[in-house]
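Only one structure is covered here, and it is reproduced in the block below.
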Amino acid sequence: MILLFGTSLFADDLKWGGTWAGVWSGFGTSPYTAIDKSQNNKVLVIFCLDYNDEIAPPLEWKANIRPVTPDNVNQYAQFGGNYGHGITTTPWAFTSDAGVNAGHSVNLSLSASAYTRYLEAAWLFTNILDAQSHGDLNSMIVSQVAAWDLFVESINANDLRGRISGTNNPNSLYTFRNYEYSTNNYVTAPTTNSITNLLFQDAVNEALKAAQHAVLDQNWYASAFAPSWDLVTGDPAWTTAYGRPVQEFLSDAPPVPEPSSMILLGTIILAAVSVIRRKTQRAPKA
C-alpha cells in the first residue's frame, strides 16, 4: 500500500465500485472494488470481513485507510470495539454433522484479540488472491466465508451458520486449497496443500484453522511473503452523522486508474446492490 493511503490525515471519499468475484448464498464475495473520488477516481481493491452490516444506497461513504497494526485496530477498527461493534463474546465454529472428515473444528477463542483476527482475515484474503491467480473460485468463496465467521456478531451467527449448513451437499464435496501453506514458518515461499472431499462447512473450518495456525504459530504477517494490508473503515465523524456503522474492509493493493470495463451504471449497479445486500436488522450503506 502506498504511503499516501497508509498515513492519510483526511478521510477518503469512496464510492462502491459495483464489482465482486463470485456469489455465495445470494451474497457477492471478495474481492470488490471501490472508487476513491478523493484520489482522482482510482480503483481500490477491497475485501469484506463484515457480515453484520450491508452495502445499500447511497453507496458512497467517507473512510479512513490505515495500515493493519495493533494501535490502528484498537483505535479505529469497528471490531476493535469502535462504533458499537465488538468481537462475538463466545465465538462459534463448525463441526461436521456427516461422515466426511468428521470432527474438524477450530477453537476461535484462541484468537481472542481483535488484532489477531484482523491478521487471520488478512491471511484468508491473501489466500483469496492466490486462489484468484489460479482461477479457483471455490477456494476464494471458502476463504471469504471463513473471514465472515471471524467477525460475525451473535445476532447474525445463526443466519451465517444456516447458510453454511445449507451449502453442504454430500454429492458435491469441496476441496480446501491452502495456497499459503508453509512448513518452515514462511522462511521460504509458501506452497500449496489441499484437503479434498469436504463438506462446505468443513472446508470453511479448515480455512479458519490454517489462518489461525499461520498467524499464531508461524508469524506469517512478519514474513516477506505477506502483503501489507490496510483497514478501510468508516470515518468516525461520518459514521456518527450517518447514525450507524458501515461495512468494514481490508485492502492490500494501491489504487490503479479506473478502467472503463469496471464502471457499472444504472440497472447493473442496482443488481450489484441486490446481490451484496446483507440480511440483517440494520442497513448501513457501504
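The values are calculated or read from the model by the stated rules, or taken from the named source; none is laboratory data. Source: prediction; values computed, not measured. For neighbour counting, all protein chains shown are included, and Cβ atoms are generated from backbone atoms with ideal geometry for every residue, glycine included. When the accessible area is computed, the model is the full protein with side chains, heavy atoms only, and any ligands, DNA or RNA have been set aside. Shrake-Rupley method; radii C 1.70, N 1.55, O 1.52, S 1.80 Å.
Structural remarks
- Wholly enclosed helices (runs of 4 or more DSSP H) of the range 111-182 bearing at least 3 residues out of contact with any Cys (no Cβ under 9 Å at 6 or more places or on another chain) and under 14 Å from LEU199 (Cα atoms): 137-151, 154-167
- Of all residues making up the range 183-199, the number that are hydroxyl-bearing (Ser, Thr, Tyr) and either surrounded by 19 or more Cβ atoms within 10 Å (Cβ to Cβ) or assigned to a helix (DSSP H, G or I) (or both): 1
- Residue check for ASP149: of a type in the set (Asp, Glu), under 23 Å from THR191 (Cα atoms) and modelled with pLDDT of 80 or more: no
- For the range 34-53, a residue qualifies if it is open to solvent by 10 Å² or more (accessible area, probe 1.4 Å) and closer than 25 Å to THR116 by Cα, and exactly one does: VAL45.
- Test: residue in the range 200-210 that is open to solvent by 30 Å² or more (accessible area, probe 1.4 Å) and either more than 20 Å from LEU150 (Cα to Cα) or at pLDDT 90 or above (or both): yes
- Flag for THR267 being farther than 29 Å from THR188 by Cβ, at pLDDT below 85, surrounded by 15 or more Cβ atoms within 10 Å (Cβ to Cβ) and of a type in the set (S, T, N, Q): no
- Selection within the range 157-200 - of a type in the set (A, V, I, L, M, F, W, C), under 25 Å from ASN52 (Cα atoms) and out of contact with any Leu (no Cβ under 8 Å at 6 or more places or on another chain): ALA157, LEU160, ILE164, PHE200
- Selection of the range 211-221 for residues being open to solvent by 40 Å² or more (accessible area, probe 1.4 Å) and free of Cβ contacts under 8 Å to residues at least 40 places away in the same chain yields HIS213, ASP217, ASN219.
- Residues in the range 199-219 that are in contact with a helix residue (DSSP H, G or I) (Cβ under 7 Å, 6 or more places away or on another chain) and either of a type in the set (Ser, Thr, Tyr) or closer than 17 Å to ARG177 by Cα (or both): PHE200, GLN201, ALA203, VAL204, ALA207, LEU208, ALA211, GLN212, ALA214.
- Selection over the range 47-100 of residues that are in contact with a Phe, Trp or Tyr (Cβ under 6 Å, 6 or more places away or on another chain), at pLDDT 90 or above and either hydrophobic (A, V, I, L, M, F, W, C) or more than 20 Å from ASP12 (Cα to Cα) (or both) gives a count of 8.
- Restricting the range 140-182 to residues that are polar (S, T, N, Q) and free of Cβ contacts under 8 Å to residues at least 24 places away in the same chain, the residue that is most open to solvent (accessible area, probe 1.4 Å): ASN171
- Residues of the range 167-191 classified as hydrophobic (A, V, I, L, M, F, W, C), out of contact with any helix residue (DSSP H, G or I) (no Cβ under 8 Å at 6 or more places or on another chain) and closer than 28 Å to GLY26 by Cα, total: 1
- Looking only at the range 222-238, and only at residues there that are open to solvent by 10 Å² or more (accessible area, probe 1.4 Å) and touching a Ser or Thr at 6+ places or on another chain (Cβ under 9 Å), the one that is farthest from PHE27 (Cα to Cα): SER223
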